[in-house]
Amino acid sequence: MEINKVTKEQSDFSVKINYGLEGAYFTESKICKVDGVNGKLYYRGYSIEELASHSNFEEVSFLLLNGKLPRKDELEEFSANLKKERELPKEIVHIIKNITKKEDPMHILRTAVSALSAYDPEADVNTKEANMRKSIRLISKMASITAAIGRFKTEKEYIAPDNSLGHSANFLYMLHGNKPSEKEIKIFDRMLLLHAEHSSNASTFSVLVTGSTLSDIYSAITSGIGTLKGPLHGEADENALRMLYEIKSPDNAERYINDALSGKQRIMGFGHRVYKTYDPRARVIRETLEEIKSSSPEVKNLVDISFKIETMMIEKLGRSHGIWPNVDFFSGPVYTYLGVPIELFTPVFAVSRVSGWCSHLLEYWENNRLIRPLDYYTGELDLKYPK
Ligand code: SDX
């Protein structure tokens with residue numbers, strides 16, 4: 001029987017199998033609309049372009065969690081709560097320091113977030129109010145944990161948060177040990193805003209599967225981190241930049257891409273399960289490349305290679321196969337400009353996406369239903385046990 005990628009029609013049982021749940025709806029949500037045909041993205045009804053131009057990550061996190069933009073006083077309180085939650089228990093700093101040498105940063109992030117629950121007296125309190133407080137705790141602390149990983153990975157000491165700084169600025173400060181420029185803060189904050197939410201992507205779905213059993217938010221977010229780590233999902237941003245370094249110069253791009261495609265290799269940062277046109281987030285990040293490309297010869301070279309690959313891939317696979325740049329393709333040069341080490345890209349993705357994860361969890365728990373799909377059994381039955 002011919003199995004196609006999306007469904008397998010089994011006439012005698014009329015079973016429709018959506019492999020990878022492609023095209024399957026499992027719930028309703030008011031958080032995010034991804035229009036894959038027209039390349040549009042909305043957070044709570046606001047287009048990503050509007051938010052990227054006028055808002056910031058803290059305000060967008062409030063919007064995602066609460067369903068509305070905050071009044072001035074609400075945003076001030078939200079920002080103050082994020083600041084209150086930045087400091088890490090010293091035991092967590094020790095765990096990060098002790099495992100950093102031998103662990104991938106996403107393993108460290110997953111381990112540290114999981115351990116955080118031991119220092120949260122509300123870890124297993126499942127009221128809406130407690131879960132909102134824990135969401136703010138996680139949004140704040142995941143940034144501190146990721147900065148600490150970056151410090152220990154480069155054998156530098158942990159830097160305590162600076163509460164005179166906003167969320168994005170404080171992350172860069174804790175990572176580098178000096179206060180970032182306004183331009184760096186603006187660009188990093190934009191990257192966090194763009195990665196904050198994307199409907200039922202694999203890691204958000206994973207968070208909801210865990211939450212749907214009425215487990216706790218720390219367990220659910222730990223599931224999300226583990227899922228985001230995969231190269232088909234969050235880690236693509238690191239691999240896209242590794243590819244740019246491997247290509248070395250724009251002159252090598254054509255040969256590299258032709259060789260890769262003829263070898264049936266996937267080009268990281270391209271293609272998407274939902275977008276069959278340009279990912280609107282990639283458009284915004286691409287514009288950011290224009291702001292940074294003259295910052296250093298290294299960044300300029302990465303940008304030039306990126307533009308070369310973009311043109312080639314759109315010609316070869318864009319219009320014909322619906323394989324276009326996604327959010328991960330242009331991120332590498334931006335994070336390089338910001339001094340974020342490549343192995344920290346996916347943890348930074350998690351630092352942002354935790355807002356979306358928590359928002360979906362709080363929404364789903366309002367009308368919870370255990371997530372338990374079917375698998376279609378194709379094995380044997382009634383075998384006799386050998387005497
Ligand atoms: C993210 O879901 C989300 O919202 C995710 C995300 C978010 O914000 O949460 O947007 C973030 O994960 C973005 C995607 C990051 N991943 C990558 O960039 C990895 C490279 N991209 C692919 O592996 C792929 O495009 C996926 C996994 C993203 C989507 O793949 P699908 O929908 O499962 O499609 P598929 O694997 O069935 O591919 C269909 C065809 C295949 O060719 P054939 O076997 O039919 O000949 O398209 C080809 C694929 O080989 N193809 C690619 C390609 N992506 C798909 N060929 C070359 N390069 C690619 N990047």
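The values are calculated or read from the model by the stated rules, or taken from the named source; none is laboratory data. Quick caveat, the model's predicted, so the values are computed rather than measured. Quick reminder, even Gly has a Cβ in these numbers, built from the backbone with ideal geometry, and neighbours come from all protein chains shown.
Okay, here's what the table says:
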{"quantity": "Positions within the stretch 212-266 being assigned to a loop (DSSP other than H, G, I, E, B), at negative phi and away from the ligand (no atom under 15 Å from the Cβ), in sequence order", "calculated": "S212, T213, S215, D216, S249"}
{"quantity": "Condition check for L65: over 26 Å from P325 (Cβ atoms) and in contact with a Cys (Cβ under 7 Å, 6 or more places away or on another chain)", "calculated": "yes"}
{"quantity": "Qualifying residue in the stretch 192-208 (condition: within 16 Å of the ligand (Cβ to nearest atom), among the small types (G, A, S), without any contact (Cβ under 8 Å) to a residue 60 or more places away in the chain and touching a His at 6+ places or on another chain (Cβ under 7 Å))", "calculated": "yes"}
{"quantity": "Residues being surrounded by fewer than 23 Cβ atoms within 10 Å (Cβ to Cβ) and either within 21 Å of V340 (Cβ to Cβ) or among the charged types (D, E, K, R) (or both) - total across the stretch 244-267", "calculated": "10"}
{"quantity": "Options L228, L208; residue that is of a type in the set (A, V, I, L, M), surrounded by 23 or more Cβ atoms within 10 Å (Cβ to Cβ) and either within 24 Å of T336 (Cα to Cα) or at pLDDT below 95 (or both)", "calculated": "L228"}
{"quantity": "The stretch 152-163 residues that are under 12 Å from N98 (Cα atoms), paired with ones that are among the charged types (D, E, K, R) and assigned to a loop (DSSP other than H, G, I, E, B) (beta carbon under 9 Å, 6 or more apart)", "calculated": "F152/K101; K153/K101"}
{"quantity": "Which listed residue is under 21 Å from the mean Cα position of the chain (by Cα) and of a type outside the set (K, R), from L88, L75, L64", "calculated": "L64"}
{"quantity": "Output for the stretch 310-339, where each listed residue is of a type in the set (A, V, I, L, M, F, W, C) and farther than 16 Å from K293 by Cα", "calculated": "M312, M313, I314, L317, I323, W324, V327"}
{"quantity": "Close pairs (9 angstrom Cβ cut-off, 6 or more residues apart or separate chains): among the polar types (S, T, N, Q) in the stretch 58-75, surrounded by 23 or more Cβ atoms within 10 Å (Cβ to Cβ) and part of a loop (DSSP other than H, G, I, E, B) anywhere", "calculated": "S61/A196"}
{"quantity": "The listed residue being out of contact with any Cys (no Cβ under 6 Å at 6 or more places or on another chain) and under 28 Å from L69 (Cβ atoms), out of D124, D162, D104", "calculated": "D162"}
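Quick grid of which residues meet (1) modelled with pLDDT under 95; (2) more than 30 Å from S212 (Cα to Cα); (3) polar (S, T, N, Q); (4) not assigned by TED's automatic domain parsing to the domain that holds I292:
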residue: K128; (1), (2), (3), (4): no, no, no, yes
residue: I136; (1), (2), (3), (4): no, no, no, yes
residue: S144; (1), (2), (3), (4): no, no, yes, yes
residue: G166; (1), (2), (3), (4): no, yes, no, yes
residue: H176; (1), (2), (3), (4): no, yes, no, yes
residue: F188; (1), (2), (3), (4): no, yes, no, yes
residue: L194; (1), (2), (3), (4): no, no, no, yes
